[in-house]
Amino acid sequence: MSTVNAPAAAELAFLPFHVADIGDAEVEAVVQVLRSGWLTTGPVVREFEAEFARAVGAKHAVGLNSATAALHLALDAVGLTPGDEVIVPAMTFAATAEVVRYFQAVPVLVDCDPETLNIRAVDIEPAITARTKAIIPVHMAGLSCDLDPILALARSHNLPVIEDAAHAFPSTYKGRKIGSLSDMTAFSFYATKTLTTGEGGMLTTDNDAYAERARIMGLHGISRHAWNRYTSKGTWRYDILYPGFKYNLTDIAAALGRVQLARSVELWEARQRVAQQYDAAFADIPEVRIPARTAESQHAWHLYPIRLDLQQLRIGRDEVIDRLRAAGIGTSVHFIPLHHHPYYQSTFGYSGREFPNTVGAFESLISLPIYSTLDTSAVHRVVQTLADIIAASRA
Ligand SMILES: *Cc1c(COP(=O)(O)O)cnc(C)c1O
């Protein structure tokens with residue numbers, strides 16, 4: 001007999017899909033900035049950039065107000081122009097491809113590995129044309145892509161690689177840190193990400209010219225150091241060099257980010273503990289396929305995306321999500337493939353049936369709650385609720 005609809009389950013508090021781990025140190029750091037009188041981009045952003053660059057082993061880190069901004073500035077830095085093509089996985093969030101459209105360029109969608117859901121060199125190679133100008137791999141859920149073959153392929157075609165590492169802090173590939181491996185890497189500090197500033201992002205690169213261009217274009221295209229024009233060291237004089245964007249990170253956000261960065265190992269270990277508890281529990285539930293890992297990658301555990309064996313169930317993925325919600329458990333799906341969305345279908349003529357690995361995975365994917373404050377009893381509640389739903393729905 002299923003316990004899913006039992007009154008006791010319904011009375012439990014809602015277990016959200018995500019809760020940010022904000023402690024007293026974060027609160028104090030933000031209050032200190034508020035009391036300082038300097039709220040926007042300033043010394044705290046500069047410190048956060050230096051610390052983040054060190055943490056990922058990059059020469060430069062440019063603090064921005066989102067990963068979307070970082071991706072946009074990266075494409076600007078490589079000189080994207082209308083009609084150019086950029087290779088992007090179909091299995092990703094809106095941001096990865098929309099930034100290509102900012103330039104009237106074409107996001108060329110490709111399939112992914114059926115296990116890891118990451119883009120592979122074999123997916124990318126047939127999509128390269130004379131108009132291809134960049135490749136944007138996405139490290140799904142925080143598991144790094146197999147980057148060496150992608151970087152080798154890119155090099156052989158003289159193409160820059162811009163990593164969408166919105167899920168991948170802290171991740172490594174073959175012991176090397178994500179953020180230090182390709183031309184440019186974009187990180188997200190959005191509210192649900194592994195390091196949060198509420199809203200925020202970072203672009204990392206070893207390339208001086210890319211960093212300089214991103215700094216200028218991220219602040220109205222006005223000459224460098226314009227951010228300090230209201231300080232004692234600043235000058236009222238500035239030059240507008242290009243029509244840029246307003247993408248700067250605030251000191252308020254950076255203060256939060258510095259504390260989160262200092263706690264990043266602790267937070268990662270807590271998420272890894274959750275992943276291990278799920279793994280162990282799902283070993284007894286054959287209808288649940290746990291997320292892939294690879295020998296080369298240290299997983300950031302931003303997400304814990306399971307896949308259901310729908311052949312063995314009388315209900316579909318959506319119904320499982322509805323029943324989890326009815327039992328007070330928040331989940332999500334990462335991602336609805338880009339070519340399933342009306343914009344991509346009407347603009348580029350996708351039917352939604354392309355990219356079989358992406359579509360096959362999407363139909364059975366559910367992202368379960370995973371965050372540092374999710375305690376063992378909450379993990380067990382998720383597992384038990386899902387186990388009950390499955391037990392009541394076996395084909
Ligand atoms: C969250 C996310 C982004 C966008 O990050 P923002 O900081 O909100 O702009 C980009 N790509 C992927 C894969 C994401 O999950």
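The values are calculated or read from the model by the stated rules, or taken from the named source; none is laboratory data. Predicted model, so just to flag it, every value in this text is computed and none were measured. Neighbour counts run over all protein chains shown; Cβ positions are idealised from the backbone, glycine included.
The figures follow:
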{"read-out": "Subset of the range 340-391 (residues that are in a strand (DSSP E or B) and either under 15 Å from Thr92 (Cβ atoms) or modelled with pLDDT under 95 (or both))", "value": "Leu365, Ser367"}
{"read-out": "From Thr385, Thr347, residue being crowded, with 21+ Cβ neighbours inside 10 Å, more than 16 Å from the ligand (Cβ to nearest atom) and of a type in the set (S, T, N, Q)", "value": "Thr385"}
{"read-out": "Strands (runs of 3 or more DSSP E) wholly inside the range 98-179 that include at least 2 residues being away from the ligand (no atom under 12 Å from the Cβ)", "value": "106-110, 132-135"}
{"read-out": "Pair list, Cβ under 8 Å, 6 or more apart: the range 82-93 residue more than 18 Å from Ala166 (Cα to Cα) and among the aliphatic types (A, V, I, L, M), other residue modelled with pLDDT under 95 and buried (at least 24 other Cβ atoms within 10 Å of the Cβ)", "value": "none"}
{"read-out": "Candidate set from the range 57-95 (those that are of a type in the set (Val, Ile, Thr) and farther than 15 Å from Ser182 by Cβ); member that is nearest to the ligand (Cβ to nearest atom)", "value": "Thr68"}
{"read-out": "Single match in Thr197, Thr185, Thr205 (criterion: within 16 Å of the ligand (Cβ to nearest atom), among the β-branched types (Val, Ile, Thr) and farther than 23 Å from Leu117 by Cβ)", "value": "Thr197"}
{"read-out": "Residue satisfying condition, being at pLDDT 95 or above and crowded, with 23+ Cβ neighbours inside 10 Å, within set Lys177, Lys193", "value": "Lys193"}
{"read-out": "Qualifying residue in the range 309-330 (condition: part of a loop (DSSP other than H, G, I, E, B), within 23 Å of the chain's Cα centre (by Cα) and either surrounded by 17 or more Cβ atoms within 10 Å (Cβ to Cβ) or within 16 Å of the ligand (Cβ to nearest atom) (or both))", "value": "yes"}
